Structures are given as structure tokens and as C-alpha cells.
Amino acid sequence: MRGGRRAVIVVEFRERTPTVPADLEAVGDQVAAGVQALFDESPTGAYDNVRAVLVAVDGHRIVERYYESSAAATHNVWSVTKSVMSMLVGIALEDGHIDSVDQTLAELLPSYADHMSPQTEAITLQQVLTMTAGLPTGADEEELATTRDWVAAMLDASPVSRPGRDFAYSNPGSHLLSAILVEATGQPVLEYAREQLFSPLGIVTDPAAEPVMLAAAAAEYAEARFAWPTDPAGLHTGWCCLKLTARDMETLGQLWLDEGEWNGTQVVPAEWVAESTRPHVATTELGRAHYGYQWWVTEADGRPAFAAVGYDGQLVEIVPELDLVVVVVSEEGTMNVQSDALLSIVANVIAPAVRNQPR
């Protein structure tokens, strides 16, 4: 890219199988060519860090391209982790571990009562899920490096806006979901996720690296196939840093496309899938997308869509009317892959090609 092709553009491509209809194979070829042309023609190298592009229609993977990577490679999916946390909250609600999204932080985290102001105590789970809790948008990295209890530090911080009023994208808020799940289920988040989500979907999580998310553990995290870091108290990070393969991400997208059902089993309640992906609050981000329960709610080619979006080029986007799942995985680098650009590729290249196939 950056005016020319990289030395190795595709190191692995989808094997064609008899189960993929011929018309979908043709669409896959068209989509792959269109995406590749866009990458090649980019004058800025904006897509140099893309490592995988997967496209599935009607449950058939019609495009699978890797760039200096492979199907076995795992990547930090960054804030796609937030959407996984939403899935787990929905399961916990169905299991009766959590009563409702109207429960407050005072009810959900009673052991942290001493760290909450009256305003913070009244924040609801729904407000946390929709990023309207008024919590700080980021965490003080210096403070987190010197404290064992990140949840206490996050709750000690006063809300930056009135809860329930404005959208404010908050990593600390998503980490509170980890504490809420542990309090509700009595299990570490990874253990609960394995039992309720990852294992039913066939996502391999063993062996798992669970390093404390500090600089000293960077090498352990980088070398691990599967990883989910924790804070110093052992809570798995709720806002980022789950390591998954591109196919794992596609599986999660297909689960949401199929309304929480996988191989005939209802893994996540269909009602939760619908509720978490409807527009709860307007934002000025990602082309003025809306936000659901840790999911972005948008459009693609004029059709309703929703997406799990991660920093530096991570995307799982679902377009239900087209039975379409799109996954993009990128590697962190100096030229960040912009989320807006990836959503644009789905809207302007991939979705139109799928829409035009005979259905």
C-alpha cells in the first residue's frame, strides 16, 4: 500500500468448499477485489496494519484474507472486549445472577459502598452499559500503576457529568462491569465466560495468560496465544485487551446475527441481543452513530447495522438484513487504522456487493 503493494499481500485464503453456493463465491471474489483495490490505492498507508479481513454471508465465510498473518494468529481486540462483556451481562441476567439493568451500583457493588458518593451510588447498570453513567472517560495511568484496587480508584473519582444525561465513552465504566459480574456470579470473569460463552462457541481459551495489566507483563501477554489481562486485584479487564483470532471474532458476530443462538442452543437470550443493539443514546462519534449496550449502532448501505469496534482497526460488524458479518483485525502501529474508515468500507464496498447478489 502507500502507493504500492506489500511484498506479501495474501498468505492464506479461504478454501473453496462445496457448501458455499456459487453465487456467494462470486460475491466473495468481488468483495475481496474491491477491498484489496481500496487498500492498494490508499496514498497514506492507512491500511498497512490490517492483518485480516473476513466476510461471512448466510453463515458462509466468503472472504478470508490475511496480511502478514494467519488464521492461527491472535490479536489484542481492544474495545471489542466491551461487547463481549455485554454478552456476559446478558447471560448473567438470564441466569438470575443480576435482577435487572435498573439495579444501581450501590446494589451491585455493596462492598465498595465507602468509595461511592450518593451520585455514584445511584448510577444504574443500564447507564454503565450505555456510557451515560457520567463516569470519567479514562483512568489515571499513574494512579493505577500504584494502586491494587482499580475499581475503588475508579469509583472514588467523581462523575464528570450528571448520570443518565450525556454519552461519554468510559473505559472505567466498562471495567466496573467486570467487578459487577464477579460480585453477581461468584466466579472470575474468564471462568464464567468459558462456561457460558467461549466453550459453547468452540473458542479455545486454554491455556490462558492472565497477566496483571502492567508494563512488566507485556512480554507474557505478547507471547500468549489466548490472553485476558487482569487488574492487580485479579479482575479481568472489562474495557480491552482480550486476545482472539479473526475467526473467533467472526463466531461472536455470527452469534449476534443469529440472535444469540449457536448450533441450536440459545447461548445468549434473543431479547438481550435485540436490546443491546438498539439505539439507546445518540453520539457524535463514528459518523454520529448511536450506542446500545457496549455496542455501536449504525447503518451500512442504508440498512441497520451494529458493530463491536476496537482501537487501532478492530471491527466486528453485523448487517442483519444482508445476513452479513464482517471482521477486520489490525496490528498496533504508528499509522493507526481508523474505525470510521473500516465502517465506510463495509457501507460502501462490502454491503453493496452483498446486496446486489440474488437472494
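The values are calculated or read from the model by the stated rules, or taken from the named source; none is laboratory data. Note that this is a predicted model, so its numbers are computed, not measured. Here the Cβ is made from the backbone with ideal geometry for all residues, glycine too, and neighbour counts use every protein chain on show. Just so you know, the surface numbers come from the protein's heavy atoms only, side chains and all, with ligands and any DNA or RNA stripped out. Shrake-Rupley method; radii C 1.70, N 1.55, O 1.52, S 1.80 Å.
As a ratio to 2.2 N^0.38 Å, the alpha-carbon radius of gyration computed for the range 259-359 takes the value 1.11. Against the compact-protein benchmark of 2.2 N^0.38 Å, the Cα-based radius of gyration of the range 113-232 scales to 1.16.
Per the Kirkwood formula applied to alpha carbons, the range 186-326 shows a radius of gyration over Rh ratio, Rg over Rh, of 0.98.
Using Cβ point charges alone (K and R +1, D and E -1), the dipole size of the chain about the Cα centre works out to roughly 900 debye.
Element breakdown for the range 283-359 at a 1.4 angstrom probe: carbon and sulfur atoms account for 46% of the accessible area.
Dipole orientation for the chain: of the candidates L214, V63, L108, V63 has the Cα lying most toward the positive pole (charges on Cβ; Lys, Arg +1; Asp, Glu -1). Kirkwood hydrodynamic radius computed over the range 280-322 comes to 10.6 Å, based on all pairs of distinct alpha carbons. Per residue, the accessible area of the range 254-332 comes to 38 Å² when a 1.4 Å probe rolls over the protein heavy atoms.
When the alpha carbon gyration tensor of the range 60-180 is reduced to an equivalent ellipsoid, the three semi-axes, largest first, read 30, 19, 14 Å. One chain, two ends: E261 and E220. Fully extended at 0.36 nm per residue, the span grows by 11.3 nm beyond their Cα-Cα distance.
List the residues of the range 311-330 whose backbone N lies under 14 Å from a point placed 7 Å from the Cα of D58 along the Cα-to-Cβ direction. The answer is 322-325, whose backbone nitrogens lie closer than 14 Å to the label point. Of the residues V354, Y311, N336, the one whose Cα sits farthest toward the positive end of the charge dipole of the range 309-358, with +1 on the Cβ of Lys and Arg and -1 on the Cβ of Asp and Glu, is V354.
Given +1 at the Cβ of Lys and Arg, -1 at the Cβ of Asp and Glu and no other charges, the dipole of the range 93-215 around its Cα centre is 280 debye to the nearest 20. Considering all C-alpha pairs of the range 80-144, those separated by over 19 Å amount to 40%.
Taken over the chain, the alpha-carbon convex hull comes to 132 cubic angstrom per residue. Taken as entire DSSP H runs, the helices of the chain that both span 15 Å or more between Cα atoms along their own long axis and average 0.0 or more on the Kyte-Doolittle scale are 22-41, 80-94, 171-185.
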